[in-house]
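Working notes, structure below.
What follows draws every value from the coordinates through simple rules; no lab data is involved. Since this is a predicted model, take the numbers as computed values, not measurements. In this analysis, Cβ positions are derived from the backbone assuming ideal geometry, glycine residues included, and neighbour counts consider all displayed protein chains.
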Amino acid sequence: MSEFGILQCRQLTKRFQQGDLDVDVLKGVDLTINVGERVAIMGASGSGKSTLLHLLGGLEKSTQGEVILAGENLNTISASKLSKLRNSSLGFIYQFHHLLGEFTILENVAMPVLISGCSIKKARKEAIELLNRVGLGHRLEHKPGELSGGERQRAAVARALINRPKCVLADEPTGNLDSKTAEQIYQLMLELNQELQVSFLVVTHDHELAERMDRVLHMEDGLIV
Ligand SMILES: Nc1ncnc2c1ncn2[C@@H]1O[C@H](COP(=O)(O)OP(=O)(O)O)[C@@H](O)[C@H]1O
Ligand SMILES: [Mg+2]
């Protein structure tokens with residue numbers, strides 16, 4: 001598995017049909033993320049960054065090319081195996097937190113553990129530990145709407161990491177935050193990266209933050225340049 005890295009794509013293409021028009025959004029992307037590596041992706045709006053993350057995360061199918069996650073080819077595994085693999089191996093963080101508004105922060109963070117088949121007791125215990133770790137131990141019973149933007153994003157980081165994924169895919173995770181709060185979220189991700197050996201692939205517009213990653217990739221018009 002290590003020879004492929006934790007997450008790899010080869011000659012990945014994605015074509016969307018818009019009416020009669022074919023739009024080639026990814027034009028043959030090659031990429032390998034190594035175990036524990038932190039990689040930033042920068043690039044103009046519309047260059048294909050989010051599409052690439054969706055394909056790497058198995059949320060959408062490529063037109064051509066393959067994605068290998070933890071040694072498994074996402075094109076050829078079954079749908080049920082794919083959703084299990086996604087839940088156990090990947091974490092997702094978005095610009096807007098995507099927490100479920102009607103559930104508490106504790107329930108939101110515990111949910112991936114429950115989905116993986118663990119008991120409620122174990123899910124609660126692990127979620128509380130991690131929420132303490134991200135400084136939200138005093139907000140367990142709050143709903144997302146009762147927290148600040150930075151607190152919600154810390155909860156989203158906790159939810160992404162609760163199943164000890166091998167790789168976290170983050171799409172402009174701090175794009176909605178002021179620079180001081182963004183800095184705290186990055187610090188948190190870096191700490192967890194080192195503690196847990198999780199790989200991070202992060203789309204960002206912030207050069208300063210990107211340069212603190214191990215590698216910075218630039219996307220232009222559907223290709224890594
Ligand atoms: N579901 C879709 N159907 C058609 N076109 C899409 C779809 N998703 C994205 N696109 C197009 O693909 C291009 C790249 O989008 P995206 O990956 O979101 O770029 P970025 O995240 O770099 O801003 C854009 O031109 C966008 O309009
Ligand atoms: Mg995007």
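Run lengths n ≥ 4 of DSSP H only: what is the helix-derived mean residue ellipticity at 222 nm for the chain, with -39500 (n - 2.57) per run over all residues, to the nearest 500?
Using -39500 (n - 2.57) per qualifying helix, the result is -11000 deg cm²/dmol.
Quick one: Debye curve from the alpha-carbon atoms of the chain only, equal weights, vacuum; give me log10 I(q)/I(0) at q = 0.08, 0.10, 0.18 Å⁻¹ to two decimals.
-0.28, -0.44, -1.36
Explain nothing, just the number: relative contact order of segment 69-225, from Cα pairs under 8 Å at least 6 residues apart, as a whole percent.
Here the relative contact order equals 26 percent.
So which aspartates and glutamates pass the test for LYS27, namely a Cα distance under 15 Å, with those fewer than 8 places away in the same chain ruled out?
Of all the aspartates and glutamates, those that pass the test against LYS27 - Cα under 15 Å, at least 8 places apart if same chain - are GLU66, GLU220, ASP221.
Can you tell me which of 13-24, 183-194 comes out highest on packing, and rank the rest after it, using the mean Cβ neighbours within 10 Å?
Output ranking for 13-24, 183-194: 183-194, 13-24.
Please determine, in degrees from 0 to 90 and to the nearest 10, the orientation of helix 120-133 with respect to the longest principal axis defined by the Cα atoms of the chain, where the helix direction is its Cα long axis.
Helix 120-133 and the main axis of the chain meet at about 90 degrees.
Pairing the Cα long axis of helix 105-115 with the longest principal axis of the chain, what angle in degrees results, from 0 to 90 and rounded to the nearest 10?
Helix 105-115 and the main axis of the chain meet at about 60 degrees.
How are the alpha carbon pair distances in segment 13-133 distributed across 10 Å bins from zero to the largest one, expressed in percent?
Going from the shortest bin to the longest, the percentages are 11, 33, 33, 19, 4, 0.
Between the helical axis of 149-161 and the dominant principal axis of the chain, each derived from Cα atoms, what acute angle in degrees is found, rounded to the nearest 10?
70
FRET efficiency for GLU220 and LYS122, Cβ-Cβ distance as r, R0 = 41 Å, nearest 0.05?
Taking R0 as 41 Å, the efficiency between GLU220 and LYS122 is 0.35.
May I ask you to list the aspartates and glutamates whose Cα is less than 15 Å away from that of LYS84, ignoring any residue fewer than eight positions away on the same chain?
Those aspartates and glutamates meeting the cut-off are GLU72.
Any idea how far the Cα center of segment 12-38 sits from the one of segment 130-150, in Å?
What the calculation gives is 35 Å, centre to centre.
Need the full-extension length gain, ARG15 to GLU195, defined as separation in residues times 0.36 nm minus the C-alpha distance. One decimal, nm.
Extra length from ARG15 to GLU195 when fully extended: 61.0 nm.
Tell me which trypsin sites (Lys or Arg not before Pro) from segment 168-220 have a DSSP coil assignment and no more than 14 other beta carbons within 10 Å of their own.
Here the trypsin sites (Lys or Arg not before Pro) that fit, given the DSSP loop and packing criteria, are ARG212.
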